[in-house]
Structures are given as structure tokens and as C-alpha cells.
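To start, the structure under review is shown below, and the notes come after it.
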Amino acid sequence: MTMTEKILARAAGRRAVEPGENVWVRADVLMTHDVCGPGTIGIFKREFGPTARVWDPDRVVLIPDHYIFTADEKAHRNVDILRAFAAEQGIPHLYDVGTPRYKGVCHVALPEGGHTRPGEVLLGTDSHTCTAGAFNEFATGIGNTDAAFVLGTGKLLLKVPATMRFVFDGEIPPYVLAKDLILHVIGDIGVDGATYRAMEFAGEAIMRLSMEERMTVCNMVIEAGAKNGIIACDETTRAFVRARTSRPFTEVANDPGARFLVERRYDARTLEPTVAKPHSPDNRALARELREVRLTRAYIGSCTGGKVSDFVSAARVLKGRRVAVDTFLVPSTTDVARALRTETIDGRPLLDIFRDAGCQISLDASCAACLGGPRDTFGRINGPEVCISTTNRNFPGRMGSKEGQVYLASPYTVAASAVTGRITDPRELLQ
Amino acid sequence: MTAIRGQVYVVGDNVDTDQIIPAEYLNLVPTIPEEYRKLGSYALSGLPRAAGEPPFVPAGATTTPYVIVVAGRNFGCGSSREHAPIALGAAGARAVVAESFARIFFRNCVATGELYPVETPERIVDAFRTGDEAVLDLDASTLTNARTGATFTLRPLGDAGPVIAAGGLFEYARKTGMIPGTRPA
């Protein structure tokens, strides 16, 4: 069996499962947020009764992150619904707004809080829940109805996905980031190239990546339609997880006879800075092919491109330079926001580097303009802007206005492009 | 099962959930009846339209005249928001007939019972125009364009069939003994 099959077999209480089988799987963690949590709770109460109890309060994680820093009253009401539910059910894991526990973007907050562990099943009411596959677990996005079912029973009927394996040999060049790698793969297989499949990433180049970079790779498998992404467990994984939780876990590895639907091999040394053009994540080009594209803004943030290492990468390019277009920066979590003050390059804090460069920085960690959001969201596209962004999607209207055009790229490429005002291969600026 | 008869609304490939229900409306909670209806009024409002193309929900209306959406590949890709099939269902659509669906959208249709997600083995978007009368016969697994007389065969519902037949995930789970009894009063 593959890693994905082994996790699902274990969670189903079975010795083995086959791709295509439908099995009832036990969830280790259910995550929901302010946008889908209220509807999930509504269905839970409708179907199980007003006095129903969740199956295990310690396995439910509530992370308000989408619409937090807005004047929208319904958005505030939705956070109140999460609060009331946590209190009523005795759920300890509520990362509440306005408290020191508040974190921000759920897919980065989950690992920070020690909720991502090898071998487990993580279900979340958000399509980018697949990010956690970086931690050698099965993690996938589900709807409100499925989530309400899990809240009541701790189980869900899942179809076992066949695995597509992507092997990257060699070392990634220093000007290439995980974002370039996953945009390259999505460009190869298309936005429905992995529908109903698991995507496994392997090879020397993958196992050399930091945890955050592995998260970037798994984060975007949904952009190829995949059910989950997964990476083997190694010392990088174990060290990260053990530093954040004392819960025991059982990692998984592919069996010697594991069967893959396809296996694609890449030479990581040949990867180049890659961009997804409007209006689809698979509309691939190389950054150096797009130097004629004039930009009106740049954006660095989100679960995909708003982690500490993403800001470190951006700062390497921006240090000692000025941006030529409006450049919006939003840390994904409060830990990342703090790191902007404590992480330094040549002794200079990232925050100072960004301020010197003329960036517009919000220290209010959240999903912010990655998905547009309420009209008053920081960095939201409200007109015919041409934006280069470290986020994950560029379908029409994704960051706000339908008139906007969004190019997806790595933090290096976004920062380099912000400096020149046109799409720029970061090799032109990286020393 | 049933036949669904009415006007179709034709869209292309990769219509994602932001086009089906733009994120600015995700402050609405689908289980609150008034907000459920409001979601319906915004269905497909994120879809870019060519000049002269009618909106899915007419200006000032809260429901759609189109009961069947005809789509290309990968309908419903993007986010896992259940607001997407709910918005279409709340607007009055009953089915989406597409060449293929994104996984989570398809599953959310099945789990909620809001919409029939039906796949076709061939591309049909060029055989329909928005406003055509059509008949979707779920027993015979066919979609017929009343304007042209052309009939298209649908793919079987597969694993989703028993769940749809039971009326959604909760009813299926009750029927198969995964959860006890009936829905609480």
C-alpha cells in the first residue's frame, strides 16, 4: 500500500484498502473556521438535536481566520457562533480573536498549534486543508454537511484515492522555491489533472525542503483537483512536530510493493522561476517570458505564501531596494507577524526592510485579500488591477473584483517584480 | 426517480466556487433561512459575462429562471465552500450537467441533496444555448435539448447513487445503521 492507503486503512480499522473503495474512516482532528463553522454547527444541531455533544471536544479545532479585521457585522456574528459553540461543548482548541491565543490562517495555525501529526487523518472545512499532507498525514477539505457528520460521529465515508507520484531528483537551484515547483507540476497536469487522486512528492529535492516549503507544495495540490498531497516523514518532520506536541504519532512509509497510478520524474536542477497567468493556476509560463507584463500591485500573504520563510525570501530581494508598485504584506499568523520583528537579514529586522522598501504592511494576521473577502479587506482588488501574488488561486474575481488580473508566483518573483513594476525573474536581482 | 424540465444556463470550463458564490458573501450562513435565500440571489454572480449575456439570477430577483446548468470540465473547482451548491439550489436550480466536476463540489452536492451533479461522457456545452428548454431524465440517464431534439446520454451516478437515493449523507448513514434513528424533531 501507499502512504495514503496505509493511513486510511488504519483509520478504517482494516488490514488493507484498495484505491476506489469507500470506507468509513475515523477522524483524528476536525478543523473549521469562521466562514464554514457556523453552517457546520447549524447542520450538527439540526441533524443530531439541539443538545447533541461533539464526538470528542479535544479533537475539534476552531480557528477564526477569514473575515476578522472588517467592520462587517455578520462576520463578527460568525465568530460569536464559534465562541458559543466552544463554550457549550467544552472545546479547548479555540484560537479566539482578540485574545493572546489568536493565530490567523488555519493551515499555518494548525501546525504551529501541534495539531498536524504523521499518520493521522485531518479533515477541515477548507480546501487548503491538504497543506497538512506535508506532515505525512492524510488531510483533505470537506463541506459543512460532511463536517457536521464528523462532529457528531467522529467518522466519514471516504473513497480511497489512487496515488500519483512526483519525484524530484537533484537539488533545487537557489533562486527556485517550492511555489515554483508546484506551479510547474500544476502546469503539467492541469487544474483537473489529479481529481480524486492523492499526489505524493518524493525525491532528494523534496526531502531537502524545510517544513514550510513542503507545506507550500502540498497546499496547492487542490489546484490540480487532488484529494490530498503527501510527503514521507523524516527527521525534519519529526523535529517540527515534536517541538509542538507531546502526543505520540505513528508515521507511515510506502510499502515496497506500493502501486502508483503514475510516477513522474523531474530533474529539480532544471526548474526555473514559474508563474501562473490569469485566470487559472495551470496557465503556466516562466517569469523570464513575462517581462513585458506591467503590474499595478504586488501581494505577499496567505497559507501559501505568507509564512516566515516566505517573508525571509521576499526580504532577501527587497533589502536596500524600493518597490515600484503598491505592495501589500499580510503575515498568515500572529507567530509570523512576531517573526517579522525578530527575524533579521544582516542584522536588519524583516519589518524594517519592508518599511524601507515602501511596502504596505498589515500586522493583522488573517486570510485577508487572498480570497477577496468583505469590501474593506486589506489589499483587496477593487478594480482593474494587475497583481502578482504569492497566493494560491487566480480565477476571475478571486482577490475581489472580476476586473482584476492575478499572476501567481514565488515570494522571490513577487518581490523582484514589485521592485521593477513588471514581472521579473528574481535571478536579475538575487546576488 | 424523476425528470427535470426547464431552461438551461450554459457555462464553460473550470467555473470555480468564487464564480458560483463570490467570497464577499461567505459571511452568510446557509442554515439561517433568510441568509440561505440571500445566497441564492447571488448564485453565479462572480461569473464574467459577455455583453448581452443574461445573468443567472435576473437583476432584482432572488431566484433563477434556469433549472439546469450545463457546464464543461471541472465545474466547481476551488474552495470547499458548501455555499456553492447551496447558492445554486437556493436560487432554484435542480441539476448541473457537466463534462466533469471538481471532487469537493460534487461531494457537497451529494451530501446536501441541493443539486443533482450529473456527468456526461461527451462535451455538450456547444450543443446548448442559454435559455434552451431541456429535459433531464434521471431514470433514463438522458438530457434532451427540446429546441434541437438532440439527446445526450449521462454517466451513471456510481458510488454517489445510493447516497443521493437516500436523500443525502445523513439519511444514507441512518439507512445503513451508521447513526441511529430519525432526525430529531
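The values are calculated or read from the model by the stated rules, or taken from the named source; none is laboratory data. Keep in mind that what you see is a predicted model, and the values were worked out from it rather than measured. Note that we place each Cβ from the backbone using ideal geometry, even for glycine, and neighbour counts take in every protein chain shown.
Considering B:Thr153, B:Thr130, B:Thr144, B:Thr148, which residue is among the hydroxyl-bearing types (Ser, Thr, Tyr) and more than 17 Å from B:Gly6 (Cα to Cα)?
Answer to the selection: B:Thr153.
Evaluate region A:325-338: report whether one residue or more is among the charged types (D, E, K, R) and out of contact with any helix residue (DSSP H, G or I) (no Cβ under 7 Å at 6 or more places or on another chain). Break it down into steps so the answer makes sense when it comes.
Start the filter on region A:325-338 by keeping residues that are among the charged types (D, E, K, R), which leaves A:326, A:335, A:338.
Those still in the list that are out of contact with any helix residue (DSSP H, G or I) (no Cβ under 7 Å at 6 or more places or on another chain) too: A:326, A:338.
Yes - at least one qualifying residue is present in region A:325-338.
So which residues in region A:267-311 are within 16 Å of A:Thr390 (Cβ to Cβ) and surrounded by fewer than 18 Cβ atoms within 10 Å (Cβ to Cβ)?
A:Pro278
Of (1) out of contact with any Ser or Thr (no Cβ under 6 Å at 6 or more places or on another chain); (2) under 22 Å from A:Met1 (Cα atoms); (3) not in a helix (DSSP H, G or I), A:Val221 satisfies all except one. Which?
Single failed check for A:Val221: (3).
Looking at region A:376-409 only, could you name the residues that are within 17 Å of A:Val330 (Cβ to Cβ) and hydrophobic (A, V, I, L, M, F, W, C)?
If the condition is that a residue be within 17 Å of A:Val330 (Cβ to Cβ) and hydrophobic (A, V, I, L, M, F, W, C), then A:Phe378, A:Ile381, A:Cys387, A:Ile388, A:Met399, A:Val406, A:Leu408, A:Ala409 are the ones that fit.
Which of (1) facing chain A (nearest Cβ under 10 Å); (2) touching a Leu at 6+ places or on another chain (Cβ under 9 Å); (3) in contact (Cβ under 8 Å) with a residue 40 or more places away in the chain; (4) not aromatic (Phe, Trp, Tyr) does B:Met178 not meet, given it meets every other one?
Against the list (1) facing chain A (nearest Cβ under 10 Å); (2) touching a Leu at 6+ places or on another chain (Cβ under 9 Å); (3) in contact (Cβ under 8 Å) with a residue 40 or more places away in the chain; (4) not aromatic (Phe, Trp, Tyr), B:Met178 comes up short only on (3).
It is to be established whether one or more residues within region A:349-364 are under 25 Å from A:Met220 (Cα atoms) and out of contact with any Pro (no Cβ under 9 Å at 6 or more places or on another chain).
no
Tell me which residues, restricted to region A:346-364, are surrounded by 15 or more Cβ atoms within 10 Å (Cβ to Cβ) and assigned to a strand (DSSP E or B).
Of everything in region A:346-364, those that are surrounded by 15 or more Cβ atoms within 10 Å (Cβ to Cβ) and assigned to a strand (DSSP E or B) turn out to be A:Pro349, A:Gln360, A:Ile361.
Condition first: within 13 Å of another protein chain (Cβ to nearest Cβ), assigned to a helix (DSSP H, G or I), in contact with a Ser or Thr (Cβ under 8 Å, 6 or more places away or on another chain) and not aromatic (Phe, Trp, Tyr). Now tell me which residues in region B:91-118 satisfy that. Write out each step before concluding.
Within region B:91-118, the subset within 13 Å of another protein chain (Cβ to nearest Cβ) is B:98-115, B:117.
Applying the additional criterion that residues be assigned to a helix (DSSP H, G or I) yields B:103-112.
Narrowing further to those that are in contact with a Ser or Thr (Cβ under 8 Å, 6 or more places away or on another chain): B:103-105, B:108, B:111-112.
If the condition is that a residue be within 13 Å of another protein chain (Cβ to nearest Cβ), assigned to a helix (DSSP H, G or I), in contact with a Ser or Thr (Cβ under 8 Å, 6 or more places away or on another chain) and not aromatic (Phe, Trp, Tyr), then B:Arg103, B:Ile104, B:Asn108, B:Ala111, B:Thr112 are the ones that fit.
Limited to region A:32-76, what total is found for residues that are more than 11 Å from chain B (Cβ to nearest Cβ), closer than 17 Å to B:Val29 by Cα and either in a strand (DSSP E or B) or of a type in the set (S, T, N, Q) (or both)?
So the answer is 1.
Just for region A:163-186: of the residues that are part of a helix (DSSP H, G or I) and away from chain B (no Cβ under 14 Å), which one is surrounded by the fewest Cβ atoms within 10 Å (Cβ to Cβ)? Walk me through how you get there before you give the answer.
Applying the first criterion (part of a helix (DSSP H, G or I)) to region A:163-186 yields A:178-186.
Those still in the list that are away from chain B (no Cβ under 14 Å) too: A:178-185.
Details: A:Ala178: 29, A:Lys179: 31, A:Asp180: 25, A:Leu181: 26, A:Ile182: 30, A:Leu183: 28, A:His184: 21, A:Val185: 26.
Checking each candidate, the answer is A:His184.
Restricting region A:105-123 to residues that are small (Gly, Ala, Ser) and more than 12 Å from the chain's Cα centre (by Cα), which is surrounded by the fewest Cβ atoms within 10 Å (Cβ to Cβ)? Outline the logic, then answer.
Residues of region A:105-123 small (Gly, Ala, Ser): A:109, A:113-114, A:119.
Add one more test, that the residue is more than 12 Å from the chain's Cα centre (by Cα), and what stays is A:113-114, A:119.
Details: A:Gly113: 19, A:Gly114: 16, A:Gly119: 20.
Result: A:Gly114.
Of a type in the set (A, V, I, L, M, F, W, C) and assigned to a loop (DSSP other than H, G, I, E, B): does that describe B:Leu88? First the steps, then the outcome.
On the way: of a type in the set (A, V, I, L, M, F, W, C): yes; assigned to a loop (DSSP other than H, G, I, E, B): no.
So B:Leu88 does not fit the description; no.
What's the total number of residues in region B:2-42 that are at pLDDT 95 or above, part of a loop (DSSP other than H, G, I, E, B) and either within 10 Å of chain A (Cβ to nearest Cβ) or out of contact with any helix residue (DSSP H, G or I) (no Cβ under 6 Å at 6 or more places or on another chain) (or both)?
13
Please go through region B:43-76 and pick out each residue that is within 12 Å of another protein chain (Cβ to nearest Cβ) and either buried (at least 16 other Cβ atoms within 10 Å of the Cβ) or in a strand (DSSP E or B) (or both).
First, pick out the residues of region B:43-76 that are within 12 Å of another protein chain (Cβ to nearest Cβ): B:44-49, B:72-76.
Correct list: B:Leu44, B:Ser45, B:Gly46, B:Leu47, B:Gly72, B:Arg73, B:Asn74, B:Phe75, B:Gly76.
Looking at this structure, is A:Thr153 within 14 Å of chain B (Cβ to nearest Cβ) and either of a type in the set (A, V, I, L, M, F, W, C) or buried (at least 22 other Cβ atoms within 10 Å of the Cβ) (or both)? Reasoning before the result, please.
Numbers: within 14 Å of chain B (Cβ to nearest Cβ): yes; either of a type in the set (A, V, I, L, M, F, W, C) or buried (at least 22 other Cβ atoms within 10 Å of the Cβ) (or both): no.
It is false that A:Thr153 is within 14 Å of chain B (Cβ to nearest Cβ) and either of a type in the set (A, V, I, L, M, F, W, C) or buried (at least 22 other Cβ atoms within 10 Å of the Cβ) (or both).
Could you identify the single residue in A:Pro111, A:Pro118, A:Pro100, A:Pro57 that is touching a Cys at 6+ places or on another chain (Cβ under 7 Å) and in the same structural domain as A:Thr140 (by TED's automatic domain parsing)?
On the way: A:Pro111 fails: touching a Cys at 6+ places or on another chain (Cβ under 7 Å); A:Pro100 fails: touching a Cys at 6+ places or on another chain (Cβ under 7 Å); A:Pro57 fails: touching a Cys at 6+ places or on another chain (Cβ under 7 Å).
Result of the check over A:Pro111, A:Pro118, A:Pro100, A:Pro57: A:Pro118.
Looking at A:Arg14, A:Arg83, which one is more than 14 Å from every other protein chain (Cβ to nearest Cβ), outside any helix (DSSP H, G or I) and either surrounded by fewer than 22 Cβ atoms within 10 Å (Cβ to Cβ) or among the small types (Gly, Ala, Ser) (or both)? Show your work before the answer.
Numbers: A:Arg83 fails: outside any helix (DSSP H, G or I).
It is A:Arg14.
For every residue, the table says whether it meets (1) closer than 25 Å to B:Gly168 by Cα; (2) over 19 Å from the mean Cα position of the chain (by Cα); (3) among the hydrophobic types (A, V, I, L, M, F, W, C).
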position	(1), (2), (3)
A:Pro92	no, yes, no
A:Thr99	no, yes, no
A:Phe138	yes, no, yes
A:Leu181	no, no, yes
A:Asp188	no, yes, no
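Kindly list the number of the only condition in (1) more than 9 Å from chain B (Cβ to nearest Cβ); (2) surrounded by fewer than 24 Cβ atoms within 10 Å (Cβ to Cβ); (3) outside any helix (DSSP H, G or I) that fails for A:Met199.
Failing condition for A:Met199: (2).
Of all residues in region A:397-419 being in a loop (DSSP other than H, G, I, E, B), more than 20 Å from the chain's Cα centre (by Cα) and not basic (Lys, Arg), which is surrounded by the most Cβ atoms within 10 Å (Cβ to Cβ)? Explain how you work it out, then say what you get.
Step one: filter region A:397-419 for residues in a loop (DSSP other than H, G, I, E, B), giving A:397-399, A:401-404, A:409-410.
Next cut, more than 20 Å from the chain's Cα centre (by Cα) only: A:401-404.
Right, trim to not basic (Lys, Arg) and you get A:401, A:403-404.
On the way: A:Ser401: 17, A:Glu403: 13, A:Gly404: 24.
My answer is A:Gly404.
So how many residues does region B:122-159 have that are in a loop (DSSP other than H, G, I, E, B), at pLDDT 95 or above and touching a helix residue (DSSP H, G or I) at 6+ places or on another chain (Cβ under 9 Å)?
2
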